[in-house]
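The values are calculated or read from the model by the stated rules, or taken from the named source; none is laboratory data. Here the structure is a predicted model, which is why all the values come from computation and not from measurement. Backbone-built Cβ (ideal geometry, glycine too); neighbour counts: all protein chains shown.
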Amino acid sequence: MGARLRLGSLALYLPIAFALRLLMLGKPAFQSDEQFYLLVGQRMAQGALPYVDIWDRKPWGLFALYRAVYALRFDPVLTYQLLGLACSVLTALVIERIARRIAPPRAAQWAGLVYLLWQPVFNVALGQSPVFYNLPVALAALIVVDVRTRAHDPLLARRGLEAMLLFGLAMQIKYTAVFEGAAFGLMLLGRGWADGWPPRRLVLAGAGWIAAALAPTAAVWTGYAWLGHGDAFVQANFTSILGRTTDMADAFGRLAKECLALIPFALALLLAPHRLRPVRGERPAALPSLRIWALASIGGFLVFGTWYDHYLGPVLVPLSVLAAPALARSRPGERWYGQLLLGMGVVDAIAVPALQVRERGDATQFASMTHAITRELHGRCLYVFEGDSALYRTTNACIPTRFAYPSHLNAMNEAGALNIDPVSEVRRIMASRPGVVVVGLSKRPNRANDKTRDIVMEALRSDYQTYTQVSLGTRRFALWRLK
């Protein structure tokens with residue numbers, strides 16, 4: 001029965017996930033983050049070292065995933081997108097398995113579907129980091145939830161090591177997994193305490209679990225230190241976030257929209273349990289652990305204060321699990337909780353990507369812009385001051401700076417996070433006389449660094465001429481070439 005249900009779930013999840021992502025597949029500039037990760041993967045394949053030759057604050061493991069894309073002889077854009085789709089479907093299968101602890105099998109199956117439906121709503125359906133790290137986190141949650149419901153489990157210490165190592169791998173995709181990892185670590189210690197473990201055993205087990213969680217990051221850090229770049233690793237991965245600022249008005253606006261979008265989850269998780277009779281799954285005692293998990297993931301979302309939509313990716317996993325009891329309702333007057341959650345998921349999962357494609361353009365437009373740039377480079381570097389970092393990848397042009405992600409030098413919120421003076425860096429870039437410079441003509445999504453923009457525009461007026469304007473969706477860009 002279990003094997004048949006899993007096969008049935010795979011047969012349900014895979015075509016639906018593919019259909020929901022069909023509009024997005026093959027678009028090289030669909031998400032600014034994903035296209036940059038793919039660029040880093042390309043340059044790693046050519047010998048570049050993250051943080052040293054090309055800068056960002058994401059963990060090395062995420063870039064290693066995108067580097068692996070280039071081990072396959074296939075279109076790299078479709079490769080990473082299909083890899084993300086596969087991880088999403090596998091995560092949905094794990095969600096289903098966890099949800100069976102608190103809901104009947106069919107409702108648990110719907111819980112996995114909820115996850116797949118709501119991923120596109122928050123722009124976390126293809127290659128954003130939660131697409132990949134939600135899988136090890138969900139697997140770790142499955143381990144911890146099960147051992148938490150078994151008293152005096154002789155395998156508690158070993159299973160805790162397995163769970164914490166999974167969290168360690170997740171942290172090498174994005175460090176915010178540390179909040180969920182800490183919550184599950186405390187839950188494991190709580191299980192040991194309830195089982196009567198003496199303090200010494202608790203300390204030793206806790207130390208072992210922490211070591212397992214930190215081991216992947218420590219291994220990467222050690223590698224960078226051995227190469228003589230330990231300081232660069234620490235600055236990019238840990239201290240740079242302290243220098244980043246946030247436009248709180250924009251951030252609270254994003255948070256308000258996200259709270260509105262999450263209303264169907266709030267009704268299913270907060271209102272339904274108080275109005276409806278409880279349903280039972282295989283292990284009802286798992287419910288408190290799942291709620292702690294959800295709170296930890298929400299805390300990880302809230303703590304940094306930027307509240308971009310894709311930061312909700314990790315939150316969707318426990319919320320989907322906890323929605324399973326509401327999805328089990330079949331009586332008139334009770335079904336609407338689940339119907340609203342599924343129905344709004346379908347509508348928004350279609351509408352949001354359609355709006356994104358309209359805004360960001362398609363592969364044909366991007367290929368045309370790539371050609372317009374390539375023919376004017378004449379062996380010189382490309383500088384994308386404003387626009388899509390994917391242009392470096394598609395033109396295979398040299399990059400005149402370590403800071404290839406445009407917002408690092410063109411946005412005010414990153415000015416204090418780079419460990420260099422953005423003004424001096426942009427002045428150096430323009431003095432190197434890139435062959436083509438890309439500048440945006442449309443309204444930008446964040447506050448501009450006016451000082452760096454003034455330097456670029458002054459150099460363009462002096463030494464460059466604009467030779468064409470191009471559109472990518474609703475966005476417009478000017479291309480400037482050397483005179």
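Restricting attention to the stretch 217-262, the residues that are over 17 Å from Y51 (Cα atoms) and not aromatic (F, W, Y) total 17. Taken over the stretch 122-150, the residue count meeting the criterion of being surrounded by fewer than 24 Cβ atoms within 10 Å (Cβ to Cβ) and among the aliphatic types (A, V, I, L, M) is 4. Going by what's in this entry, would P136 be described as in a helix (DSSP H, G or I) and not charged (D, E, K, R)? Against the criterion (in a helix (DSSP H, G or I) and not charged (D, E, K, R)), P136 qualifies.
If you check G228, G206 for being free of Cβ contacts under 8 Å to residues at least 60 places away in the same chain and part of a loop (DSSP other than H, G, I, E, B), only one passes: G228.
Whether a residue is more than 29 Å from L126 (Cβ to Cβ) and acidic (D, E) was assessed, and E376 passes this test.
Taken over the stretch 422-437, the criterion of being in contact with a helix residue (DSSP H, G or I) (Cβ under 9 Å, 6 or more places away or on another chain), assigned to a helix (DSSP H, G or I) and not β-branched (V, I, T) is satisfied by P422, E425, R427, M430, A431. Taken together, the residues in the stretch 130-188 that are within 30 Å of V69 (Cβ to Cβ) and either aliphatic (A, V, I, L, M) or touching an Asp or Glu at 6+ places or on another chain (Cβ under 8 Å) (or both) amount to 20. Only one of the numbered conditions (1) closer than 15 Å to F403 by Cα; (2) without any contact (Cβ under 8 Å) to a residue 40 or more places away in the chain; (3) surrounded by fewer than 16 Cβ atoms within 10 Å (Cβ to Cβ) is not met by A48, and that is (3). Counting only residues that are in contact with a Pro (Cβ under 9 Å, 6 or more places away or on another chain) and either within 25 Å of A232 (Cβ to Cβ) or not in a helix (DSSP H, G or I) (or both), the stretch 68-103 holds 5 of them. When each of V203, V234, V178 is tested for being in the same structural domain as Y51 (by TED's automatic domain parsing), at pLDDT 95 or above and surrounded by fewer than 15 Cβ atoms within 10 Å (Cβ to Cβ), the lone residue that passes is V203.
Let's see how each residue does on (1) modelled with pLDDT under 95; (2) in a helix (DSSP H, G or I); (3) surrounded by fewer than 13 Cβ atoms within 10 Å (Cβ to Cβ):
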{"position": "P273", "(1), (2), (3)": "yes, yes, no"}
{"position": "R280", "(1), (2), (3)": "yes, no, yes"}
{"position": "A286", "(1), (2), (3)": "yes, yes, no"}
{"position": "A294", "(1), (2), (3)": "no, yes, no"}
{"position": "I298", "(1), (2), (3)": "no, yes, no"}
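Checking V124 against (1) at pLDDT 95 or above; (2) part of a helix (DSSP H, G or I); (3) closer than 19 Å to L341 by Cβ, which test does it fail? Checking V124 against (1) at pLDDT 95 or above; (2) part of a helix (DSSP H, G or I); (3) closer than 19 Å to L341 by Cβ, the one that fails is (2). Checking each residue in the stretch 353-388 for being closer than 20 Å to Q469 by Cβ and either without any contact (Cβ under 8 Å) to a residue 24 or more places away in the chain or polar (S, T, N, Q) (or both) picks out T364, Q365, S368, T370, H371, T374, R375.
Note on the stretch 56-87: among residues that are closer than 22 Å to A177 by Cβ and more than 16 Å from the chain's Cα centre (by Cα), the one that is surrounded by the most Cβ atoms within 10 Å (Cβ to Cβ) is V69.
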